[in-house]
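In what follows, a structure is listed as structure tokens, so that the remarks can point back to it.
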Amino acid sequence: MGRKKSDYLRQSIAHETAKIITEEGVRDFHRAKLKASERFGNSQHGSLPSNFEIEQAITSFQKTFIPNQEHKLLAERQIALTIMKWLKSYSPYLVGPVLEGTAGINAPICIHVACDTVEKIIDEFADKKLMLKLTERRLKINNEFVFLPTISFEYQNNEIEVLVFNLRQQHQQPKSKIQNRSMQRMNLRGLTELLNESFLNDTQG
């Protein structure tokens, strides 16, 4: 395959992957890339774009085809702020697509907290009338995979995931599944400042 043809195929797969993630709610980048690749008849899965290229394609796709994406993202971050205030005693951080601005359909609002027992976090939701589900999520910390208790529930028509780190793990940033780097995280103060800045820009605009 020629260089230009290969580059065009790579860009096309990146765009189609972004569409799959945004419109179909596929959360696994690798699975979405393979699905997009097959749509172009690329059965050998050559010329696959990197996860960084996918992130860029998602941002471009959403700006072009989802005119209300910024308002949706702002609403999701405001919901995250509310929940983080509920859990402010447990060093909450916002992570994932809602923080990074790449959240598509059905992307959960993901929050990390630190506590010695998951029961204490469950107790914080006792008076919220929420249907809680306790599961586990696998993350990579210090080059090792660990399974973290995860509390899932729906709030204001959004899926919420609260991952519970133990106190020994709370300062150890997990690795991102998308990039080979530490996962982006934002604490309560940072998210408050980000939302205040967004509100100020809207009023000035």
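Please treat every number below as a calculation from the coordinates, not as lab data. Keep in mind that this is a model prediction, so the values were computed, not measured. Don't worry about glycine lacking a Cβ; one is built from the backbone with ideal geometry, like all the others, and counts go over all protein chains shown.
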Just add up the charged neighbours of Lys88: K/R +1, D/E -1, any other residue whose Cβ is under 11 Å from the Cβ of Lys88. +1
Can you give me the relative contact order of the chain as a percent, contacts being Cα pairs under 8 Å and 6 or more apart? 19
Kirkwood Rh over alpha-carbon pairs of the range 114-193, then Stokes-Einstein at 20 °C and 1.002 mPa s: what D in µm² s⁻¹, rounded to an integer? 152
Ranked Tyr8, Tyr93, criterion: other C-beta atoms within 10 Å, fewest first: Tyr8, Tyr93
Two-decimal log10 I(q)/I(0) for the chain, as the Debye equation yields it once each C-alpha is a single scatterer, q = 0.14 Å⁻¹: -0.89
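Just rank His71, His15, fewest to most, by other beta-carbon atoms within 10 angstrom.
His71, His15
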As a test of the definition: which semi-axes, in Å, follow for the range 3-65 when you take the square root of five times each eigenvalue of its alpha carbon gyration tensor? Largest first, please. 18, 13, 9
Options Ala57, Gln11, Leu34, ranked by Cα towards positive dipole end of the range 3-65, top entry (Cβ charges): Gln11
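Please arrange Tyr155, Tyr90 by how many other C-beta atoms lie within 10 Å of their C-beta, fewest to most.
Details: Tyr155 15, Tyr90 21.
Sorted ascending by nearby Cβ count, the order is Tyr155, Tyr90.
In Å, the Kirkwood hydrodynamic radius of the range 27-92 over pairs of distinct alpha carbons?
Details: mean 1/r = 0.0681 Å⁻¹.
In the range 27-92 this quantity evaluates to 14.7 Å.
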What does the net charge come to around Asn106 if you take all other residues with beta carbon closer than 11 Å to its beta carbon, with K and R at +1 and D and E at -1? -2
What relative contact order, as a whole-number percentage, does the range 3-65 give when Cα pairs under 8 Å and 6 or more residues apart are counted? 43
Run down the lysines and flag those whose C-alpha is under 27 Å from the C-alpha of Lys4, throwing out any fewer than 8 positions away in its chain. Lys19, Lys33, Lys35, Lys63
